1. Among B:LYS150/B:LYS705; A:LYS156/B:LYS669; B:LYS147/B:LYS694; A:LYS154/B:LYS694; A:LYS64/B:LYS68; B:LYS669/B:LYS705, which pairs are too far apart, with a Cα-Cα distance over 31 Å?
2. Just the ratio, please: alpha-carbon radius of gyration of region A:1-137 over 2.2 N^0.38 Å, N its number of residues.
3. Over region B:724-833, what portion of Cα pair distances is larger than 20 Å, expressed as a whole percent?
4. Give me the one-decimal Kirkwood hydrodynamic radius in Å for region B:123-230, with the sum taken over alpha-carbon pairs.
5. P(r) for region B:446-662: what percent of alpha-carbon pairs falls in each 5 Å bin, starting at zero?
6. Over 10 Å intervals from 0, what percent of Cα-Cα pairs in region A:19-72 sits in each interval?
7. Relative to the compact-globule scaling 2.2 N^0.38 Å, provide the ratio for the alpha-carbon radius of gyration of region B:503-605.
8. Rg and Dmax in Å for region B:226-322, alpha carbons only: what are they?
Amino acid sequence: MAGQSDPHLSIFSPSEVEFVAEDEIVEIVPNIRMDALNMICGDFGPFFPQIPTKVPLWLAVALKKRSKCTIRTPDWMTVDRLTQVLEAERESPREFQPLPFHYIEISKLLFDHARDDISDAYLVRSLIEDIRDVRFHKVETGLETISGRTHAVKLKNLSAMEVNIVRPFMVRTLQAFYKHDSPQMIQQADNTGSRATPVTDRGPRRDLRRR
Amino acid sequence: MKGRVVKLREAHKAGSPALCCASWGPSGQHVVTASAADTAVLIHDAATVLAGGRGSGSSPVVTIRLHKDGVTALAVAPGPSGSLASGSMDHSIKFYTFPEGEFQSNVARFTLPIRSLAFNRKGTLLAAAGDDDGIKLIATIDNTISKVLKGHKGSVTGLAFDPRNDYLASVDSIGTVIYWDLCIGAEARTLTRVAPTFRSDNSVRNILCWSPDGQTLAVPGLRKNVVLYDRDTGEEVCTLYGDHEQPVSCLCWSPNGRYLASAGLDRQVLIWDVKSRQDIERQKFDVRICSLAWKPNGNALLLIDVMGRVGIWESVIPSTMKSPNEGIPDLNSTKAPLFDDDDDDDDEDEEKPSTSGGLEDDMDETLSDSTPFSHKRPRRKSTFDRDSDNEDLTHQMESTKRMKDKHNKKEDAGKARGDSATSARLVTARMQAAFQPGSTPPQPGMRNFLAYNMLGSITTIENEGHSHVEVDFHDTGRGPRVPSMTDYFGFTMAAMNGSGSVFANQCKGDKNMSTLMYRPFGSWAGNSEWSMRFEGEEVKAVALGAGWVAAVTSLNFLRIFTEGGLQMHILSVSGPVVTAAGYEDQLAIVSHASDCLPSGDQVLDVKVFNISEGAQSMFGRLVLTPLSQLSWFGFSENGQLSSYDSKGILRVFSSQFSGSWLPLFSSLKARKSKDESHWVVGLDANNVFCILCKTPQSYPHVMPKPVLSILHLSFPLASSDLGANSLENEFLMRKLQLSQIQNKMEEMAALGLDTTTYDDEAFNMEAGLDQCILRLISICCSGDKLVRASELAKLLTLEKSMKGALTLVTRLKLPLLQEKFSSIIESFLFQERMLNNKIIAGTGRFCSNATIMTSTTVLTTQATLPSKFMQDGNSSLESSLPKPNLVNQQCSSTEPKNSAGEQGIEIKDSTGKVSSAFIPSTKVPKSSETKKHRNGASNSAVVDQNQEGDIDHTGAKKLSTEYCNRAEPQRPVNPFAKSSSSKEQSSSLLDSIKKMKVDKPNSRI
């Protein structure tokens, strides 16, 4: 997947992150009787009408599209919880509140496919957008504090989408700082790296030719 | 007065024309203003605004700067302790106290700017709208969004609640007016393009206004006029057409509805006498006026222009004419009661104000007798109780409140009952009325369940004299699609199964007779639904099953009909019916046996009929928890009669002790928090399916669709000193299930049916039970409860598990138990052998052990073997390994020789007979009619010597009994001994039991 996106940026595109998020488990209420599904990622079901079951998001969405189930809104996607989170996010400018790693993607998928299953969808959506904005803002302001002395940045509770956005910048910044701090080390590392690889490369080739 | 110019004073600084709004406080002493170009909301003293015109320049009383962007909308809730709501371009709505202007809460968040706000007349509901699609209705009591009304295509600029609270009118920037019915929360009427269109110009907006009596709605018209529309029909009543040179943008009714003020884009403000449809006053301003408001209790008009300048036009109506406050319509007297509930009616009476007092007094009264609401999300129930508004849309709250009241009453009643029971014993409790299992009480305006079971649900909603009944199957993939039905009878009870549904209604007065109706879901003949009418008789409970429909009536008649409507049986039942349930052939009826006992307990009888046989299969007392009522009654998925009472105990009828009720589930124990209750839907062998309800709700609502939760059945065990309650429970449950299966098998055998289908199930049960017992034994041993362990060992049914138990105690070094266990095994073996002998002697055609234990592979090799016995012995373990068999069999053939004593001889005896009878029986290996598990066990009597090496190997040395010593010699040769000796864990025992389970079906191929 990484190969599909721009290799220079070395990030996933949002749709790729969303694809990854489809493996998250959600709870559905099927309205059909169906035997267990044996997937590579695991067995899901059996499904009984009106009895909640846990399935990955992609399966939930697939079933929802065929109107075979309703998706239950995750606990964290309620208005009460989100308002709490939003308030906490605003109050603590240096910390991130614990939210599911894929909260942006999950909520987007649910809003796209299971809007009718979410109570107060409107408010929930705007709350999630607000939370996202607040957190992005926090990440951005946090980046400003990176200085030459920084060798690592610790960001707890950062979500997939947020990491994805700052990853290329962060990595390169740190690399740059590192480089400017100790140019010799970088050179050495580069040299040893470039020397080592041709040697190892030749090894197997010779073997092949001999055979 | 005429010709007096109203002077405006700057309140908000605006560089360019911006939309401003202004409003009076409810008492008319304060004035609130806001501007889209300013983030502040200002509360002024009305007097200073009036004086401001003369240049005193005093500052506003309160300045609120909480919005991040311009404030576009204001609304003041009526009442002296009212509150102020402001909506802004920053997408948020905020509440403040009024007139103090203290921030209370953020109400709601939109995704786009807000354009309009409106409170309803009692201030319980706030409508908010803007560029978002959808008008949000917010219950001010807890700031929850009770509804989102969608339908406008443009941004909504004007909102107005009908004073009678039936409708909300809204107008958007493209001129569409929509009447929303607040009861159903949907569009009642849409008038497209009736108002001017201002697409992008945000400094102009359409607004609308209800006349104070709610009869007409005033909307700016397309032709520089004001159009009045009728409340109910939405038809144009009249237009006010006159001297406006450009379209009207803003209007306002006088408090009595006699006059109307309108402001146009032509910078004029006109005052109309609505009756004569003529303008009586006018005033021209420098800039456009964008908001108008009549003083609620005086002859004055508040104005604000687009530059943010505010002013008050005093004495608008000439003194020669009627005052704008005279004859304010009294809405309460004309108001149609929306909720004629008892508790609401009381409030209603209190609310009825004196007409002379006018609007304000009215408000005073209303609000003084109810708690002033606060917007800080009051979750406390007490405010719910006291707040006495009967608004349509807050009826969710209302209903919870009402239910809570009921709940309290019930509790009180319960308490009273309890007290009386303990002290005086004078008050007798009421006998419970008839009910349908799985039904919920009807609620006005909402769907309720007539029936809800594991298969589907029947719901009904009353609507203008008739009801709509819908039948839904949970499994939408399989169940038939049943068209919804319009029901003119008003059915109050229903039952359904896979093939049809039955409905019945109570008789209402003399005209409406009680009717029973059956609707099949599918039939080979058309029009196969039928109905029956009962004269002077009322259906109390209905049930249906395979090919029959039953109804129990007020005359205590049990009427049984066929599926086609044939009246098959009419019986009399012994007492007033409580409920009825059907399952295939069985019909169960619960009836009152007598009045309640002095203690308050009900006396209920239950009868089970078998309809196809015309027999009564059970009669007895229905067991209830003291002082409880029956709340659910029915059959489990596998046909066990079950009941659930109001104290949350689920009971299942079992044939144990020749028929008794077993308490298998307690709601109180299963609930996770105190306010949870379980509404039972059904159960199967291991689980109960129920809907979780949070108090004050004790039953589920149709919307949102309830979700079933699965809870395990469990006996109400006393907390034992063993500390293994779950295991003990499992033991009891398995025992119960085993007995159920055995019962079924006996029944089938008695009918001469083939019971082989249940053999595997029964065997699995036994194996599971034994596993459970073994675990219990090990816990007993570690807890030093040796007597209990030996009792448990006696309950083991499989030979193999007995061996396992023996190994276990050997390993735990409990010689006492070892001795006990070996003697148990011996006596067990002895019994088995006696039984075998009897079978052999009794029946000429002995159906051999071998047929069950040997697999076909072994059968083929059998002919070459010298001793059938050996093969017999090993087959169970080695069916998959025919080759090592030979070695094994040879060694095991030495076994009987080694073994000394009676047993060995006996084994020889029996095996001799076995071998003699063996050959014919192999030809008919499946002719076995004896109970398989018996055979298996007796067979293993022969097998045991081999298995002993397998299981008991390590312990064998320590065993002092002769029996176990016999295992010694064969140890080095037996390949299984090796394999098992490497694993000394007790889990290997369970494995071997499992292996037996696997082997069994194989051997039957």
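Just so you know, all these numbers are worked out from the coordinates, no wet-lab data involved. This one's a predicted model, so the numbers in the text were calculated from it and none came from an experiment. Cβ coordinates were reconstructed from backbone atoms using ideal geometry, including for glycine residues, and neighbour counts include every protein chain displayed.
1. A:LYS156/B:LYS669; A:LYS154/B:LYS694; A:LYS64/B:LYS68
2. Its radius of gyration relative to the 2.2 N^0.38 Å reference: 1.16.
3. Counting every Cα pair in region B:724-833, those more than 20 Å apart make up 46 percent.
4. Every distinct Cα pair counted, the radius reaches 13.8 Å.
5. All Cα pairs, binned at 5 Å, distribute as 1, 7, 14, 18, 20, 17, 12, 7, 2, 1, 0 percent.
6. For region A:19-72, the pair-distance distribution reads 28, 61, 11.
7. 1.17
8. My reading of the Cα-based Rg and Dmax gives 13.1, 39 Å.
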